[in-house]
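The values are calculated or read from the model by the stated rules, or taken from the named source; none is laboratory data. Nothing here was measured: the structure is a model prediction, and the numbers come from that model. Every residue, glycine as well, gets a Cβ built from its backbone with ideal geometry; the counts of neighbours run over all protein chains shown. With ligands, DNA and RNA removed, areas are computed over all heavy atoms of the protein, side chains included. Shrake-Rupley method; radii C 1.70, N 1.55, O 1.52, S 1.80 Å.
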Amino acid sequence: MTKRVAILISGGGSNMVALAQSMREDHPAKPVLVLSNNPNAGGLSKARALHIPTMAIDHKPYGQDRAGFEDALQQVLETAQPDIICLAGFMRILTPDFMVKWEGRILNIHPSLLPKYKGLHTHARALEAGDAEHGCTVHEVTAALDDGPILGQAHMPVLADDTPDTLATRLLPLEHALYPAVLRRFAAGDRTPVTLQG
Ligand code: GRF
């Protein structure tokens, strides 16, 4: 049975596009919804161009009421009935109450080689640490931030003249290769980690 995938975005949605395009033929999953907390997210128009249903729930009117925002997310998700949720450049922290409803069925891509550099500014932190390599991780999402079981990593060398921006730019294509590879396996019930070398 083809797994139904909802993809949550906040911005340009390049990872969402990579995931959606990877599911076009002969795949155990299909995209059923692209959902953003940002009504102006560029990824929403990209999803519409890919004929994927979209929805935006602006988090700003909810202020500090995270539960209220997540209730609105949950209502939309219960309508879309996804088997899998992919967070792809989704920049809102989700509460344990939300997680518990989806644990085991929700993935995220994080731009570092976890467990290194959970949270933000990962490229700058890798440079400050003088790391010889950097990369990205796809992991299952749990209540602890950027901490769930790792399902895949892509590695790349850090170059002498790298800046946070050049790292981010060189990493993005690896993200676009890693996330679809992990989703294909995960949707087929295979949690064998994917390792890519850039
Ligand atoms: C990417 O660097 C990703 O690692 C992070 O958000 C950034 C933008 O992703 N989670 P996208 O282009 O919106 O998919």
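Screening Pro61 with (1) under 22 Å from Arg191 (Cβ atoms); (2) more than 12 Å from the ligand (Cβ to nearest atom) gives one miss only, at (1). Taking every residue in region 168-184 that is under 25 Å from Arg105 (Cβ atoms) and within 10 Å of the ligand (Cβ to nearest atom) and pairing it with any residue that is assigned to a helix (DSSP H, G or I) and not aromatic (Phe, Trp, Tyr), at least 6 positions away or on another chain, the pairs with Cβ-Cβ distances below 7 Å are Glu175/Asn15; His176/Ser14; His176/Asn15; His176/Ala18; Tyr179/Asn15; Tyr179/Ala18; Tyr179/Leu19.
Table: residues versus (1) under 21 Å from Arg184 (Cα atoms); (2) part of a loop (DSSP other than H, G, I, E, B); (3) at pLDDT 95 or above; (4) in contact with a strand residue (DSSP E or B) (Cβ under 9 Å, 6 or more places away or on another chain).
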site	(1), (2), (3), (4)
Leu113	yes, yes, yes, yes
Arg125	no, no, yes, no
Gly152	yes, no, yes, yes
His155	yes, no, yes, yes
Leu159	no, yes, yes, no
Asp162	no, yes, yes, yes
Leu171	yes, no, yes, yes
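Restricting attention to region 86-105, the residues that are open to solvent by less than 80 Å² (accessible area, probe 1.4 Å) and within 14 Å of the ligand (Cβ to nearest atom) add up to 7. Residues that are surrounded by fewer than 21 Cβ atoms within 10 Å (Cβ to Cβ) and more than 23 Å from Thr142 (Cα to Cα) do occur in region 63-80, at least one of them. Here Thr122, Thr163 are screened, and the one residue that is closer than 18 Å to Phe90 by Cα and either open to solvent by 20 Å² or more (accessible area, probe 1.4 Å) or free of Cβ contacts under 8 Å to residues at least 24 places away in the same chain (or both) is Thr122. Just one residue in the set Leu35, Leu19 is within 16 Å of Pro180 (Cβ to Cβ) and either aliphatic (A, V, I, L, M) or within 16 Å of the ligand (Cβ to nearest atom) (or both); that residue is Leu19. For region 61-92, a residue qualifies if it is touching a helix residue (DSSP H, G or I) at 6+ places or on another chain (Cβ under 8 Å) and among the β-branched types (Val, Ile, Thr), and the qualifying residues are Ile84, Ile85. Just one of the listed residues (His110, His134, His123) is touching a Pro at 6+ places or on another chain (Cβ under 7 Å) and under 30 Å from Thr195 (Cβ atoms), and it is His123. Taking region 16-36 as the range and being crowded, with 23+ Cβ neighbours inside 10 Å and among the polar types (S, T, N, Q) as the test, only Ser36 passes.
Within region 38-49, work out how many residues are open to solvent by 40 Å² or more (accessible area, probe 1.4 Å), more than 23 Å from Gln74 (Cβ to Cβ) and within 14 Å of the ligand (Cβ to nearest atom). Total meeting the criteria: 2.
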